[in-house]
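First comes the structure, then the notes that go with it.
The values are calculated or read from the model by the stated rules, or taken from the named source; none is laboratory data. Predicted model only: the values in this text are computed from it and were never measured. Ideal geometry is used to build each Cβ from the backbone, glycine not excepted, and the neighbour counts take in all protein chains shown. With ligands, DNA and RNA removed, areas are computed over all heavy atoms of the protein, side chains included. Shrake-Rupley method; radii C 1.70, N 1.55, O 1.52, S 1.80 Å.
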Amino acid sequence: MPDSGISILFTGSNFWRLLQGLWVTIQISLISVGLSFVFGTLFGLLMTVKNRVVKAFCWLYLNFIRIMPQLVLLFLVYFGVTRQWRINLSAWTSAILVFTLWGTAEMGDLVRGALTSIPVHQYESAAALGMDRKQTFRYVILPQTIRRLIAPSINLITRMIKTTSLVEIIGMVEVLKTGQQIIDANRMKFPTGALWVYGAVFLLYFLVCWPISSLARKLEEKRR
Amino acid sequence: MNTAILIEYLPLFAKAAVVTLKISLAGIAVSLLVGLLCSYIQYFRIPVLSQIVQVYIELSRNTPMLVQLFFIYFGLPKIGISWSRETCAVVALVFLGGSYMSEAIRSGLEAVEPVQTESAVSLGMSPFQVMRFVVIPQAMAVSFPAVVANIVFLIKETSVVSAIALADLMYVAKDLIGNDYNTQEALFMLVMFYLIILLPVSILSSVAERRIRYAGFGY
Amino acid sequence: MSNEIQLSVKDLVKSYEGTSEVLNGVSLDVHKGEVVVILGPSGCGKSTLLRCMNGLEAYQGGSITLNGELVTKDGKNMTALRQKIGMVFQSYDLFPHLTIEENVTLAPIRVQKRSKEEASKEARELLERVGLLDKKDVYPRQLSGGQKQRVAIVRALAMHPEVMLFDEVTAALDPEMVREVLDVMLGLAEQGMTMVIVTHEMNFARAAADRVVFIDQGTIVEEASPDEFFDHPKTDRAARFLKTFTFESKRTKG
């Protein structure tokens, strides 16, 4: 019965192992987020370039990444690249690569959106004050853009963390896979283990993501 | 890439696409109902229920679908709630999608200016008439792009149901990669089939968004 | 104007939760066919008073009656009662998803269950009267602010109200559009409509009002005929208020 099942979490080092798995999840997320923020900003700026070829490339990249399920992207890189070019990408590298490619597209779109949402009269008033293009960007446009970006980019972090759960499917040992292993190892002793372990994984994800998304929402409300 | 293999794979992927579509359609339809219900509960701030809905929305939006699915498929049978794979997949999709739809619909309802309700009330309309003739038509137009975007999102999310051995597009691709080593062909078909399913909805989504942003009623 | 009291406010007390009182025992009788203009500084409670009169706001003390029937926010029969009280708001209150004619006919058809033909015939007559018949098939977004407010008035009139309430209907308008709206209101006054008007247009108040009511800090400070009020305000507060609308040049000319 479930009332005894909960002790599966506190038997041996089980809970500690789950936390270690969570740490893997968080590591992948943080590295991908960091890279995505850097490349995404550059990509966002690139999207405001008026050159047609650049525009077409950006559009294609953004829309392909966005329309494909992240799991498909993960398969394309993990299986496709490996077999196609005989490059042996570890699950870890594939995961970072895919989430960075995806995060770059999402972040880029946020940056572009924030940049283009600054009304024309902001540029005009800056010009009327005698600022040159560089000064206008540095003192007028950039601060407003950053303020608009803070909440949605924090939100992107939680989306990234949730997405990392997919690496379980390509065999990485993160929090969900660790959970599976714990359940399998204790099948005889704790037949109801799945309920408690997956429940715990569910809660762990929630405890990581909820504060971050609440922060994003508070910041967004404050900005409005 | 070998065309003969592609042709050989076609029926396999077509069959799998039906599974993906079935789960998507059922999940999206029920998600819309759950979303409608939850958004109205929140919009009217119904005591107790709106707090429960809030907790549900936070849980749903802050956890991955794959974990939700594992909990439902592997966890719940331990307390006697045992469903088929298909049902589990749909329930998981609804658990996730209900909250997204609810937020989309609610933001539409809340975008209607309070003075709209007040002028309707001052014309003698009953609360039901106010919703029916004034609030809902305006809210629907505002919500529409977000609802369509959620539909795209939910179809994409169904890709994880392969993890509980449901034979959707992902599952078939993975199977073929593992058995036949025709990786390129399998991946090509996978991408093509997702494009066929997702492209039309996705185009509708961007058109809807542009229309709402730049136009509105009377243009 | 007759002696018959149509709308009666008695000792009205209104406060929002946790704040001081917005209305502090206001009493006011509006006679049939009378035009009452309510003046006062921002935040004095005049808009709140108007909203209470239409049952949009709950109040904590006193009473409001229309022909003896009690007006309260959640009272029984309020939908029936509200049909007798037309209200026009500051702005944004036309239904953006409906054409001009549909805006006017929605409530007559749905609330009063009048036939579509009859409702739309009347809507056209009313629109004609305010010079907007040619706009009947367009959407509110395509109208200017002044045109929208004229439609809002027509929409309220289509319900055949006994009293009309106007809540700063020209405050959000460009100056050149104020006139066309005020002219419609003056026309209504001449036809004998009972009206309660909150406004900042002093010249209009003087021209249209049978009686001016000056409210400050939630109470009626002064009540008088327009000429009396504008030329010889009895209270200091009213005098000071009126002074904010006049300019004295500090420059020496010539």
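Worth pointing out:
- Chains B and A together bury some 3400 Å² of accessible area, summed over both sides, with a 1.4 Å probe.
- Three-way shape call for chain C based on the alpha-carbon gyration tensor, with the a/c threshold at 1.5: oblate
- A simple packing score, the average count of other Cβ atoms within 10 Å per residue, orders the peptides B:65-77, B:124-136, B:183-195 as B:65-77, B:183-195, B:124-136, with the highest score first.
- Accessible-area ranking of A:Thr178, A:Thr116, largest first, probe 1.4 Å: A:Thr116, A:Thr178
- Cα-based shape type of the range B:25-149, given that a ≥ b ≥ c are square roots of the gyration tensor eigenvalues and the cut on a/c is 1.5: prolate
- Isotropic mean projected area of the C-alpha convex hull, the protein assembly as shown (nm²): 41.8
- Entry comment: accessible area of the protein assembly as shown is 48 Å² per residue, from protein heavy atoms only and a probe of 1.4 Å.
- Between 0 and 90 degrees, the angle of helix B:169-180 with respect to the longest Cα principal axis of chain B falls at about 10 degrees.
- Proportion of all alpha-carbon pairs of the range A:90-147 beyond 14 Å (%): 63
- Comparing C:Asn103, C:Asn67, C:Asn24 in a Gaussian network model of chain C, where Cα atoms under 10 Å apart are tied by springs, the biggest mean-square fluctuation is seen for C:Asn67.
- For the range C:1-88, the share of accessible area belonging to carbon and sulfur comes to 45 percent (1.4 Å probe, ligands and nucleic acids excluded).
- Percent of beta bridges antiparallel (DSSP, the protein assembly as shown, rounded to nearest 5): 55
- Shielding by partners, peptide C:178-190 (average Cβ within 10 angstrom, other chains): 0
- Viscosity 0.692 mPa s, 37 °C: Kirkwood-radius Stokes-Einstein D of the range A:41-115 over Cα pairs, µm²/s: 249
- Kirkwood radius for the range A:6-223, taken over all pairs of different Cα atoms as the inverse mean of 1/r, rounds to 19.7 Å.
- To put it simply, the accessible area of the range B:3-217 at a 1.4 Å probe is 69 percent carbon and sulfur.
- Delta accessible area of at least 40 Å² on complex formation, residues of the range B:34-73, 1.4 Å probe, chain isolated as reference: B:Glu58, B:Leu59, B:Asn62, B:Thr63, B:Pro64, B:Leu66, B:Val67, B:Phe70, B:Phe71
- Cα-based equivalent ellipsoid, the range A:83-122: semi-axes from gyration tensor eigenvalues, Å: 36, 9, 5
- For the range C:133-225, the spherically averaged projection of the C-alpha convex hull amounts to 7.2 nm².
- Mean Cα-pair separation over length for the range C:30-110, i.e. relative contact order, pairs under 8 Å, 6 or more apart, %: 17
- Note on B:Glu86 and B:Ile52: the extension gain reaches 9.6 nm, defined as 0.36 nm multiplied by sequence separation minus the Cα-Cα distance.
- Ranked by how many other beta carbons lie within 10 Å on average, peptides C:132-140, C:32-40 from highest: C:32-40, C:132-140
- Helix A:193-223 and the long axis of chain A differ in direction by around 20°, with both axes built from C-alpha atoms.
- At 0.692 mPa s and 37 °C, Stokes diffusion of the range C:1-88 via Kirkwood alpha-carbon radius, µm² per second: 244
- Cross-link pairs beyond the 25 Å C-alpha cut-off, checked among A:Lys55/B:Lys174; A:Lys218/C:Lys46; C:Lys10/C:Lys73; C:Lys73/C:Lys234: A:Lys55/B:Lys174; A:Lys218/C:Lys46; C:Lys73/C:Lys234
- Computed log10 I(q)/I(0) for the range A:12-51 at 0.32 Å⁻¹: -0.93, from the Debye equation with unit scatterers placed on every C-alpha and solvent omitted.
- Computed with a 1.4 Å probe on the full set of protein chains, the accessible area for C:Glu180 sits at about 50 Å².
- Averaged over the residues of peptide A:130-143, the number of Cβ atoms from other protein chains lying within 10 Å of each residue's Cβ is 0.
- Listed by chain and number, the lysines whose C-alpha is less than 17 Å from the C-alpha of A:Lys177, apart from same-chain residues fewer than 8 away, are A:Lys162.
- Gyration tensor verdict on the range C:36-75 (Cα atoms; rounded if a/c is under 1.5, prolate if a/b is larger than b/c, oblate otherwise): prolate
- The mean number of Cβ atoms from other chains found within 10 Å of a Cβ in peptide B:165-177 is 2, as a whole number.
- A:His121, C:His232, C:His97, C:His31, reordered so the largest accessible area comes first (probe 1.4 Å): C:His232, A:His121, C:His31, C:His97
- Equivalent-ellipsoid semi-axes for the range C:70-144 (Cα gyration tensor, √(5λ), whole Å, largest first): 24, 16, 11.
- Take every DSSP beta bridge whose two residues both sit in chain C; close to 55 percent of them are antiparallel.
- Sorting the Cα pairs of the range B:75-219 by distance into bins of 10 Å, from 0 upward, gives 10, 26, 26, 20, 12, 5, 1, 0 percent per bin.
- In terms of packing, defined here as the mean over residues of other Cβ atoms within 10 angstrom, the peptides C:106-118, A:67-79, B:33-45 line up highest first as A:67-79, B:33-45, C:106-118.
- Translational diffusion coefficient of the range A:115-217 (Stokes-Einstein, Kirkwood radius from Cα pairs, 4 °C, 1.567 mPa s): 74 µm²/s.
- Most mobile listed residue (A:Asn155, A:Asn186, A:Asn51) in chain A, GNM with C-alpha springs under 10 Å: A:Asn51
- Buried surface between chains C and B: roughly 2100 Å² of accessible area, summed over both sides, computed with a 1.4 Å probe on protein heavy atoms only.
- Extending 7 Å from Cα along the Cβ direction at C:Ser115 and again at B:Ala14 yields two label points whose distance is 5.8 nm.
- Note on C:Ala239 and A:Phe15: the model spin-label points, each 7 Å out from Cα along the C-beta direction, lie 7.8 nm apart.
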